[in-house]
Amino acid sequence: MRLVRQAIQKDEKLINSPAWQALTKHYEENKSVHILDLFATDPKRFENFSLQQGNLLLDYSKNRVSKETLALLFDLAKQAGVEDWREKLFSGEKINTTEDRSVLHTALRNRSNKPVLSDGEDVMPSINDVLDKMRGFSERVRSGEWKGHTGKAITDIVNIGIGGSDLGPDMICTALQPYASHLNVHFVSNVDAMQVTQILSGLSSETTLFIVASKTFTTQETLTNAKTCRAWFLDQDATTEQDVAKHFAAVSTNSDAVSAFGIDTDNMFSFWDWVGGRYSLWSAVGLSIILYVGMDNYIELLSGAHDMDTHFAEQPFETNIPVILAVLGVWYVNFYGAESQAVLPYDHNLGLLPAYLEQADMESNGKSVTRDGAAVSYGTGPIVWGAEGINGQHAFYQLLHQGTRIIPADFIASVQSQTDNQHHSDILASNFLAQTEALMRGRSLEETAQELESQGVSKEEAAMRLPHMYFEGNQPTNSIVMDKLTPYNLGSIVAMYEHKIFVQGIIWNVNSYDQWGVELGKKLAKNVLQELESGEDKFDHDSSTQGLISWFRQHRK
Ligand code: F6P
């Protein structure tokens, strides 16, 4: 007999709590309010519902909330103990209880250098040591002082990693391309040999530096790709085992596994178990970023994040950007039943931000038990998705405008382009600005009828088209605007989302810092691999999986 979820005790404390009950009542009384009506009753709604922090502006006025709604949501956050948990986060308490670990990515960007304790020990000296080591290494590689096996300078960096050991550095390098110098950077993550083959085909062993990035150094995809790159390297003319040290570095918490793999531990950059994989771009996993844009730009990235940390730690909820974003998300997930959250950057170089946030958010809050192990009786992390906004307008925005779902969306833009083409920039900006307006306003029947009449459309034709052209609007959006996509601003944005996710995890009472759900698939894949490669049936499967295994066996080369 399988022990199913129903057998686990249900936690109804949150939904029965005073703050939740007050929100339920408020929702029932206000659920059909249109955002346009909220603007009509408050001529200063933009001023009253927007905030600035550093170079970032958050306009959250186009949401289905009044000041009263927000006050009730802040009560919920207070009732959940967000202030205490925030203190625990920054002070290194072991808030990742299922893994008995602190959660200290904020220490990695602690530019104040005030001591931060984990297990009674100040972590700042070791963080600074690794930063110094990365500065020295990156400067030698970037200046050409570090030579490859034939005495040539490095031209190409290949980061081999997956999940947090790939998405963070890839997203940041893509975003900061205008800050890059002469080095090229490539990212190998997929175990599909197509990716590594395509990348290696354009490289020379003489001038390529591989960085194997893996927190655990046990991840099958990363180790397989790393072995393939090593074999490729040794397969080139005139390379020897001794040359590996000039072309392979590692980033990991596991020095034994790094040595066992054959990478010189002098070329290893450490981090610590209190850095979650999806929060690791602030650690030595950022090495590929440093090589690409230089240490000074990386420090700017850390500074932007640190200033957002300080804002989050010190501001009252009413003026706290991550808290506001978090409670808005809770409002839509738990009261309006929203299933997803869209992230829509209007900056080409932020194209990988949605994929990065998919991991940051869904691996953190994709949970269905509370910290105490009881089943939740409410929705938790939404499905996070998105793509470059302007392209999305010509693809999936139809559903945002006229579909049947409420889809809260974050629109993100930088005002100043990094090119000289102001005309392109103005078109991009005008679309960014018009979309949130359109999503909120919709198009009324009267407006649509008038438009058709002015176009000379016949009455019959207009009657037929009207229901298709009308739409309700009232879709909630946040506009997040920065002056320019600089390392500093990017650091602030990433930290802003990390803290939003943290606050939501606290309200939902889940552990945002483990990811046990990903383990089973990895374990079963190991079994299936044995069966595919040996051709023998060794494990019990359902008939679908068994049938598919047989199909693969019959059709593989
Ligand atoms: O399987 C999920 C995961 O553990 C992520 O949390 C992590 O970012 C990724 O795999 C890669 O892990 P590692 O850095 O240990 O190779």
> From the residues in the stretch 208-245 that are out of contact with any helix residue (DSSP H, G or I) (no Cβ under 9 Å at 6 or more places or on another chain) and away from the ligand (no atom under 16 Å from the Cβ), which one is modelled with the lowest pLDDT?
Replying inline: Asp237
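Answer yes if at least one residue in the stretch 310-325 is within 26 Å of Glu83 (Cα to Cα), open to solvent by less than 20 Å² (accessible area, probe 1.4 Å), in contact with a helix residue (DSSP H, G or I) (Cβ under 8 Å, 6 or more places away or on another chain) and part of a loop (DSSP other than H, G, I, E, B), and no otherwise. I'd like the intermediate steps shown before the answer.
Going through the stretch 310-325, the residues within 26 Å of Glu83 (Cα to Cα) turn out to be 310-325.
Next cut, open to solvent by less than 20 Å² (accessible area, probe 1.4 Å) only: 311-312, 317, 320-325.
Those still in the list that are in contact with a helix residue (DSSP H, G or I) (Cβ under 8 Å, 6 or more places away or on another chain) too: 311-312, 317, 320-325.
Checking which are part of a loop (DSSP other than H, G, I, E, B) leaves us with 320.
There is at least one residue in the stretch 310-325 that is within 26 Å of Glu83 (Cα to Cα), open to solvent by less than 20 Å² (accessible area, probe 1.4 Å), in contact with a helix residue (DSSP H, G or I) (Cβ under 8 Å, 6 or more places away or on another chain) and part of a loop (DSSP other than H, G, I, E, B).
Have a look at Ser126, Ser118 and point out the one that is within 28 Å of the chain's Cα centre (by Cα), at pLDDT below 95 and not hydrophobic (A, V, I, L, M, F, W, C). Explain how you work it out, then say what you get.
Values: Ser126 fails: at pLDDT below 95.
After applying the criteria, what remains is Ser118.
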> So Gly505 clears everything in (1) of a type outside the set (Asp, Glu); (2) buried (at least 20 other Cβ atoms within 10 Å of the Cβ); (3) farther than 26 Å from Gly286 by Cα except one condition, right? Which one?
Replying inline: (3)
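Does any residue of the stretch 257-279 turn out to be assigned to a loop (DSSP other than H, G, I, E, B), farther than 22 Å from Glu519 by Cβ, within 28 Å of the chain's Cα centre (by Cα) and among the small types (Gly, Ala, Ser)? Show your work before the answer.
As a first pass, look at the stretch 257-279 and keep what is assigned to a loop (DSSP other than H, G, I, E, B): 262-264, 271-276.
If we keep only those that are farther than 22 Å from Glu519 by Cβ too, we end up with 262-264.
Cutting the leftovers down to within 28 Å of the chain's Cα centre (by Cα) gives us none.
Checked the stretch 257-279: no residue is assigned to a loop (DSSP other than H, G, I, E, B), farther than 22 Å from Glu519 by Cβ, within 28 Å of the chain's Cα centre (by Cα) and among the small types (Gly, Ala, Ser).
Please count how many residues of the stretch 152-179 are assigned to a loop (DSSP other than H, G, I, E, B), closer than 23 Å to Ile263 by Cα and either within 13 Å of the ligand (Cβ to nearest atom) or open to solvent by less than 50 Å² (accessible area, probe 1.4 Å) (or both).
Filtering the stretch 152-179 down to residues assigned to a loop (DSSP other than H, G, I, E, B) leaves 152, 154-155, 161-163, 176.
Imposing the further condition that a residue be closer than 23 Å to Ile263 by Cα reduces the set to 152, 154-155, 161-163.
Applying the additional criterion that residues be either within 13 Å of the ligand (Cβ to nearest atom) or open to solvent by less than 50 Å² (accessible area, probe 1.4 Å) (or both) yields 154, 161-163.
Qualifying residue count, the stretch 152-179: 4.
Please list, ordered by residue number, the helices (runs of 4 or more DSSP H) wholly in the stretch 24-136 having 2 or more residues that are among the aromatic types (Phe, Trp, Tyr) and closer than 30 Å to Met482 by Cα. Reasoning before the result, please.
Values: elements: 35-41, 45-48, 67-79, 82-90, 105-108.
Ranges flagged: 82-90.
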> For the stretch 205-240, how many residues meet the condition of being in contact with a strand residue (DSSP E or B) (Cβ under 8 Å, 6 or more places away or on another chain) and not in a helix (DSSP H, G or I)?
Replying inline: 11
>> Please go through the stretch 520-549 and give me each residue that is open to solvent by 80 Å² or more (accessible area, probe 1.4 Å), in a helix (DSSP H, G or I) and either in contact (Cβ under 8 Å) with a residue 24 or more places away in the chain or not aliphatic (A, V, I, L, M) (or both), ordered by number.
In response: Lys522, Lys523, Lys526, Gln530, Glu533, Ser543
> Got a sec? Which of His182, His149 is outside any helix (DSSP H, G or I), open to solvent by less than 60 Å² (accessible area, probe 1.4 Å) and more than 16 Å from the ligand (Cβ to nearest atom)?
Replying inline: His149
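Quick check on the stretch 185-198: of everything there that is surrounded by fewer than 19 Cβ atoms within 10 Å (Cβ to Cβ) and assigned to a helix (DSSP H, G or I), which residue is nearest to the ligand (Cβ to nearest atom)? Can you show your working first?
Filtering the stretch 185-198 for residues surrounded by fewer than 19 Cβ atoms within 10 Å (Cβ to Cβ) gives 190-195, 197-198.
Retained after the next criterion (residues that are assigned to a helix (DSSP H, G or I)): 193-195, 197-198.
On the way: Ala193: 18, Met194: 20, Gln195: 16, Thr197: 21, Gln198: 22 Å.
The selected residue is Gln195.
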>> modelled with pLDDT of 95 or more and of a type outside the set (Ser, Thr, Tyr): is that true of Phe471 in this structure?
In response: no
> Could you say whether any residue in the stretch 267-285 is surrounded by 22 or more Cβ atoms within 10 Å (Cβ to Cβ), within 15 Å of the ligand (Cβ to nearest atom), at pLDDT below 95 and over 19 Å from Gln53 (Cα atoms)?
Replying inline: no
> How many of the residues in the stretch 359-395 are within 16 Å of the ligand (Cβ to nearest atom) and either surrounded by fewer than 20 Cβ atoms within 10 Å (Cβ to Cβ) or not hydroxyl-bearing (Ser, Thr, Tyr) (or both)?
Replying inline: 10
> What is the residue count in the stretch 52-85 for residues that are open to solvent by 30 Å² or more (accessible area, probe 1.4 Å), touching a residue at least 60 places away in the same chain (Cβ under 8 Å) and under 24 Å from Ser303 (Cβ atoms)?
Replying inline: 4
>> Any residue at all in the stretch 281-291 that's closer than 15 Å to Ser492 by Cβ and in contact (Cβ under 8 Å) with a residue 24 or more places away in the chain?
In response: yes
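The values are calculated or read from the model by the stated rules, or taken from the named source; none is laboratory data. Not measured: the values here are computed from a predicted model. Cβ sites come from the backbone with ideal geometry, for glycine too, and all protein chains shown count toward neighbours. Remember, those area values only see protein heavy atoms, side chains included, never the ligands or the DNA or RNA. Shrake-Rupley method; radii C 1.70, N 1.55, O 1.52, S 1.80 Å.
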